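Heads up, the thing below is written out as structure tokens.
The values are calculated or read from the model by the stated rules, or taken from the named source; none is laboratory data. The shown structure was predicted, so the numbers you read here are calculated from the model rather than taken from an experiment. When we count neighbours, we look across all protein chains shown, and the Cβ atoms used for this are built from the backbone with ideal geometry, even at glycine.
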Amino acid sequence: MNTTQARHCTSALRFIAICLLAPGPFLVAQAQGWQPLGPDDLVPGQAGFSDGGAHAPSVAIGLDGYPVVAYVDEAHDHKGTVMRWNGSRWTVVGSAGFTEGYIGFPSIATATDGSLFLAFSDGAQAGKATVMRWNGSNWNAVGPLGFSDSLAYETNVVLDSGGDPVIAFMDWSQTFKATVMRWNGTAWLPVGTPGFSEDEAMSLSLAMDAEDKPIVAFEDFWHDRKATVMRWNGTSWNAVGPLGFTPDEAWQTSLAMGTDGNPLVGYRDQAQQGKATVMRWNGNAWAPIGPQGFSATAVNYTCLTVDPQGRPVFAYKAEMDLDPTVMRWNGSNWLTVGQPGFASPITSVGQRWLAVNEQGHAVVAYADSSMFARQYDLFIGLDEAAGPGNRGLSLFPNPAHEGRFTLHMGGLSQDRAPVLVTVRDATGRTVHQEQAKADWGTLQLQLNLSPGLYLVDVSVGNHRTAGKLLVE
């Protein structure tokens with residue numbers, strides 16, 4: 001490469017870095033705050049990315065790390081619409097309002113082959129459950145439209161390890177008890193007995209465990225609306241711990257699976273004046289993560305997930321002012337992600353309105369008359385990522401030449417402190433990982449990296465921080 005070519009290459013890399021300041025799965029800017037993906041609801045009069053009114057949005061992460069959102073589209077006769085963020089704008093997946101009739105309780109999931117699955121209560125089929133799959137060019141029904149015996153309320157869809165959909169819903173034909181059904185490639189079959197819960201299973205939430213078995217959480221009407229978690233063991237549904245294990249009513253239960261394979265449940269805790277509580281099954285008992293009732297106010301619209309570190313992230317709206325807030329457990333405390341009330345008052349969200357991608361970018365999708373979404377990088381510039389001693393990360397020189405750079409992690413007073421360094425490329429692929437000893441927080445690295453943008457992730461004990469590195 002001659003001097004002119006090298007100069008042009010460097011300029012191109014700098015231009016790419018500037019372009020990547022736009023919100024996406026890989027952000028260069030270490031900006032604080034929740035960044036809008038597309039339209040900004042905090043700008044007076046600005047419409048969202050939907051054609052008109054919208055409600056009950058559900059969000060999932062696509063293979064490219066970008067969010068996919070499904071919602072009830074009021075501009076298209078309350079039919080279903082799915083839209084995808086491509087890094088610069090929202091595009092419709094297929095056609096807007098592609099379902100046969102109006103829908104309720106949309107739930108979206110993404111498969112490893114890039115296909116999308118949408119489950120919903122199908123108004124064109126008397127409210128029965130329907131699941132449709134996007135194959136890259138068309139939306140097609142998975143099995144018959146309206147395959148459940150009767151009205152399906154609070155539909156949830158997840159995918160098993162083979163990429164086949166599993167759906168849970170409150171079953172009208174079973175007096176709104178919980179029913180789970182699984183697609184076996186040719187037909188929808190019930191998992192165990194339809195209506196296996198003792199009574200109404202309100203705020204029903206579904207996940208797959210490490211053994212590829214479905215697990216559900218719900219407000220257990222039979223047990224005074226306390227939380228119950230049940231797991232399919234291959235032959236029967238069994239309670240995880242006691243039925244109704246919470247001290248008091250647990251409203252709006254939201255289920256997530258920890259990286260250790262154990263379930264977590266977040267909810268509005270009526271024993272704590274309606275504030276937020278998250279509990280984890282430790283293999284023997286349910287235990288709270290941090291204090292019970294850790295939010296500042298009573299909460300609604302609760303949604304729980306985990307980040308790539310396995311730490312729970314909990315979204316809700318404040319009961320009185322409707323403003324959204326997201327909090328994250330840092331191993332010792334629940335800390336607010338960005339600012340509380342970071343968007344306009346929410347008018348509607350679905351059961352799963354929060355998702356986190358593999359790069360640690362949290363995304364929320366919500367309706368404020370029309371659709372909006374925001375993103376926050378959990379691993380960049382977050383107070384809890386720095387932890388005690390202000391463990392901020394510096395990378396220099398940046399841009400780096402031929403993969404040679406120095407990293408410095410502030411706050412490390414221990415000589416030769418052990419650190420874990422992980423380097424990922426712009427697709428999220430790990431290209432380098434090593435255990436090393438940092439001399440007073442400083443480590444020099446010479447890596448065989450192609451020109452481009454990289455995420456450098458450094459862990460010291462329970463503390464983690466990250467920074468973006470441009471390689472010329």
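Just a few scattered comments:
- Filter result for Leu21 (of a type in the set (A, V, I, L, M), at pLDDT below 90 and not in a strand (DSSP E or B)): yes
- Among the residues listed as Gly104, Gly123, Gly62, Gly48, the single one being touching a Ser or Thr at 6+ places or on another chain (Cβ under 7 Å) and over 30 Å from Ala426 (Cβ atoms): Gly104
- Positions within the range 78-93 being in contact (Cβ under 8 Å) with a residue 24 or more places away in the chain and surrounded by fewer than 17 Cβ atoms within 10 Å (Cβ to Cβ), in sequence order: Gly87, Ser88, Arg89
- Here Phe98 fulfils each of the conditions (1) under 18 Å from Val131 (Cβ atoms); (2) buried (at least 23 other Cβ atoms within 10 Å of the Cβ) apart from (2).
- Lone unmet requirement of (1) without any contact (Cβ under 8 Å) to a residue 40 or more places away in the chain; (2) of a type in the set (S, T, N, Q); (3) on the phi < 0 side of the Ramachandran plot for Thr193: (1)
- Qualifying position, being in the same structural domain as Gly114 (by TED's automatic domain parsing) and either surrounded by fewer than 22 Cβ atoms within 10 Å (Cβ to Cβ) or within 19 Å of Val142 (Cβ to Cβ) (or both), among Val191, Val229, Val216: Val191
- Within the range 271-317, considering residues that are farther than 26 Å from Asp209 by Cβ and among the charged types (D, E, K, R), the one surrounded by the fewest Cβ atoms within 10 Å (Cβ to Cβ): Lys275
- Taken over the range 249-295, the residue count meeting the criterion of being hydroxyl-bearing (Ser, Thr, Tyr) and not in a loop (DSSP other than H, G, I, E, B) is 4.
- Close contacts from the range 448-460, counting a first residue that is without any contact (Cβ under 8 Å) to a residue 24 or more places away in the chain and a second that is in a loop (DSSP other than H, G, I, E, B) and not β-branched (Val, Ile, Thr), with Cβ to Cβ under 9 Å and a gap of 6+ residues or different chains, come to Ser450/Gly403; Ser450/Asp425.
- Residue, farthest from Leu393 (Cα to Cα), within the range 429-449, restricted to residues that are in a loop (DSSP other than H, G, I, E, B) and touching a strand residue (DSSP E or B) at 6+ places or on another chain (Cβ under 7 Å): Leu449
- Some residue of the range 104-121 being touching an Asp or Glu at 6+ places or on another chain (Cβ under 7 Å) and within 24 Å of Asp51 (Cα to Cα): yes
- Selection within the range 313-333 - without any contact (Cβ under 8 Å) to a residue 24 or more places away in the chain and of a type in the set (D, E, K, R): Asp323
- Conditions (1) in contact (Cβ under 8 Å) with a residue 40 or more places away in the chain; (2) among the acidic types (Asp, Glu); (3) under 18 Å from Leu304 (Cβ atoms); (4) in contact with a helix residue (DSSP H, G or I) (Cβ under 6 Å, 6 or more places away or on another chain): number failed by Glu198: (3)
- Elements of type strands (runs of 3 or more DSSP E) in the range 76-159, at least 2 residues being of a type outside the set (D, E, K, R) and under 30 Å from Gln35 (Cα atoms): 79-85, 90-92, 103-110, 116-122, 152-159
- Those residues of the range 133-158 which are free of Cβ contacts under 8 Å to residues at least 40 places away in the same chain and under 21 Å from the mean Cα position of the chain (by Cα), in sequence order: Arg133
- Screening the candidates Gly274, Gly310, Gly290 for the property of being farther than 25 Å from Gly461 by Cβ, touching a residue at least 40 places away in the same chain (Cβ under 8 Å) and not polar (S, T, N, Q) yields one hit, Gly274.
- The listed residue being in the same structural domain as Asp73 (by TED's automatic domain parsing), of a type in the set (D, E, K, R) and not in a loop (DSSP other than H, G, I, E, B), out of Arg328, Arg352: Arg328
- Options Leu145, Leu116, Leu151: the member that is closer than 19 Å to Tyr66 by Cα and assigned by TED's automatic domain parsing to the domain that holds Glu358: Leu116
- Thr235 vs. criteria closer than 26 Å to Val364 by Cα and in the same structural domain as Val157 (by TED's automatic domain parsing): no
- Selection status of Phe405, at pLDDT 80 or above, among the hydrophobic types (A, V, I, L, M, F, W, C) and in the same structural domain as His78 (by TED's automatic domain parsing): no
- Taking the criterion of being under 19 Å from the mean Cα position of the chain (by Cα) and at pLDDT 95 or above, the residues of the range 62-81 that qualify are Pro67, Val68, Val69, Ala70, Tyr71.
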